[in-house]
Every structure is written in structure tokens, then in C-alpha cells.
Amino acid sequence: MYKKLNLNSKQIGNRSLIKNLKLSFVCVILLAILISFNLLLVSCKKNIDTEVILTTTTSTYDSGLLDELLPAFKEATGYNVKPIAVGTGEAIAMGERGESDVMLVHARAAEDKFVSEGYGINRKDVMHNDFVIIGPENDPASIKGITVEEAFKVLSQTGNLFVSRGDNSGTNKKEISIWEKAGISPEGEWYLESGQGMGNTLRIADEKQAYTITDRGTYLSQEENLSLIILVEGDKILFNPYGVIAVNPERHPDIDINYDGATAFIEFITSEKGQSIIKNFGIEKFGQPLFYPDVIK
């Protein structure tokens, strides 16, 4: 049998007040959760919008240039760049698959093809340096001072070890074009493919006291750790230009390509600020620039 409760008006009022306070507390908690959820969504959206995926060559990474460029770009624009350093061939392939927003590469024929097929837009010249042939200081193949085409012919005849990147990079493409010009198909025990980036290939060549081709910038940045020296340089065929290209978002309607971020990066790296960083990079440490800007002189 239930006991009858006799509550006066004051008690009823207190119970009503407590009930209202509890309800208000619940509403405040729900509102706080809703605000936090919205802030989380905004934060996630902001992180997505401000991240730019850059596929680039190992030379821009191994040389240290990106360590100068990317923080300055972030400070100027707020964009956070995620660099992926691979060979130019793979960088372009990633762009074709929509796995990057912008590319900084050095293989002009492949770049032009990428743009003509509609995968890339807004290509700009950025900078250049050159390739050099390096080898042991005692130069057992005696190639020092001769033309690069003659040097490749001599290396194939003498059988002195040559280390190729063998990774379809811009450097590898340049090397292959020189072999073709010399009328040689390199193969045999004297020809070793590392399948790795420029920095690792330099270390392998140095360990084996072999010859190889490298961009000058990466060589200079690694020179203090190498015994190999520059033996062949200065040929026109060794010219090494770099270009920047935005990935075309229309080719990837199902992927969130950050075209705004890519455009901001292109504008920055070709601006007076970006070009000045390129122009001065390496001078203090190496006594000469590792790259030369193409927009400003």
C-alpha cells in the first residue's frame, strides 16, 4: 500500500526548481557537445583545406631546398605542405592518379605530355641547375674534361662501374637520353641500377668508387660526405630545368584536389620572395647557389 505524501507549496516549489535546474543543466551539456562537434568539423575542414600535397624530386628534398621554401610558404599563406620526394616519373604518375595537388619536377618532355593530356595545368618555369658526371679522384677511366657523350662511350668500353638511379626519375631520364645519343645500350656487370633517390645513389657510388650522373645541387649538398669529384660538366645536354605544375581537378572529380593550395604554391615559388630563397640557397654554406631562379635573375 502506497503512503500518501502531503507536500506543502514550498516543497512543491523547491521540487519544481530542482527539476528546472536539472533540465537546464542537461540543455547546457547538450549545447556544449553540439558546439564542440561543430568546432571539430570546422577544424577538420580547415586541416583538409590548408594541406597541400607536393610530389617532387629527391633532388629538391636531398639538397635541403624544401627546408627553406616550405616554412616560408606556410608563413606567407597558412598552407601546410606535405612533400613526397620521389623520382620525377613517379611524381608525375601520382599526379595522373590524383594523389597530389602540385608537382615540382625536372623532365620537360614528360611535363609537357602531362599538361597536353589534361592532367596538369598552370605549368611555370621555376629554376635550373645542371647535371655533372662524378667519379673517383684517380679517374681510372680517364674521362675528366672530355664531353659527356665521349665519357659515356669510354665508360662502356673500359667497364668501370657506373651506378644509375634506374628509377625513371628526371636524372635517370637525362642519363638514358645521353646513352641513346651515344648509341649505347648500357648493360653488364659494369652497369648497376640502384633503384633509389639521388642521395642514396651518391652514397652507393661513393662506397663502390664508381661513376654516376647527378644534379649539381644534390652533389654539393652531399659533397662533404663523399670522396667522388666532378669530372665532366658544362655540356648543353646537362642543363637541368625545373617546372611547377598544378594537378587538374577536373580530371579527378571524385577526389578533393586542393587546387587553391596548389595555385598558392605556384604563385609563391615564382614570386620575388620564393625566387629570392632559391637564388640565395646554398651560397652561405657552399659558396655558390645550388639552383638558379628562372623568373628573377
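Residue-wise test of (1) closer than 25 Å to residue 186 by Cα; (2) surrounded by 16 or more Cβ atoms within 10 Å (Cβ to Cβ); (3) under 17 Å from the mean Cα position of the chain (by Cα).
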| residue | (1), (2), (3) |
| --- | --- |
| 86 | yes, yes, yes |
| 89 | yes, yes, yes |
| 98 | no, yes, yes |
| 102 | no, yes, yes |
| 110 | yes, yes, yes |
| 138 | yes, no, no |
| 143 | yes, yes, no |
| 156 | yes, yes, no |
| 161 | yes, yes, no |
Open item on the list: Within region 279-297, take every residue that is out of contact with any helix residue (DSSP H, G or I) (no Cβ under 7 Å at 6 or more places or on another chain) and assigned to a helix (DSSP H, G or I) and give me the one that is surrounded by the most Cβ atoms within 10 Å (Cβ to Cβ).
Closed with: 279
Open item on the list: Please pick out the residue among 257, 269, 213, 229 that is out of contact with any Ser or Thr (no Cβ under 9 Å at 6 or more places or on another chain) and either buried (at least 19 other Cβ atoms within 10 Å of the Cβ) or without any contact (Cβ under 8 Å) to a residue 60 or more places away in the chain (or both).
Closed with: 269
Task: Subset of region 72-127 (residues that are assigned to a helix (DSSP H, G or I) and over 28 Å from residue 214 (Cα atoms)) - done: 74, 75, 76, 77, 116
- [ ] Would you kindly identify the helices (runs of 4 or more DSSP H) lying entirely within region 171-272 that contain at least 3 residues that are assigned by TED's automatic domain parsing to the domain that holds residue 150 and not aliphatic (A, V, I, L, M)?
- [x] 198-208, 216-222
TODO: Have a look at 209, 222 and point out the one that is under 24 Å from residue 141 (Cα atoms) and under 24 Å from the mean Cα position of the chain (by Cα).
DONE: 222
Task: Qualifying positions in region 167-200 - closer than 21 Å to residue 128 by Cα and among the β-branched types (Val, Ile, Thr) - done: 171, 176, 178
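The values are calculated or read from the model by the stated rules, or taken from the named source; none is laboratory data. Just so it is clear, the model here is predicted, and its values are computed rather than measured. Counting neighbours? That spans all protein chains shown, and the Cβs are built from the backbone with ideal geometry, glycine included.
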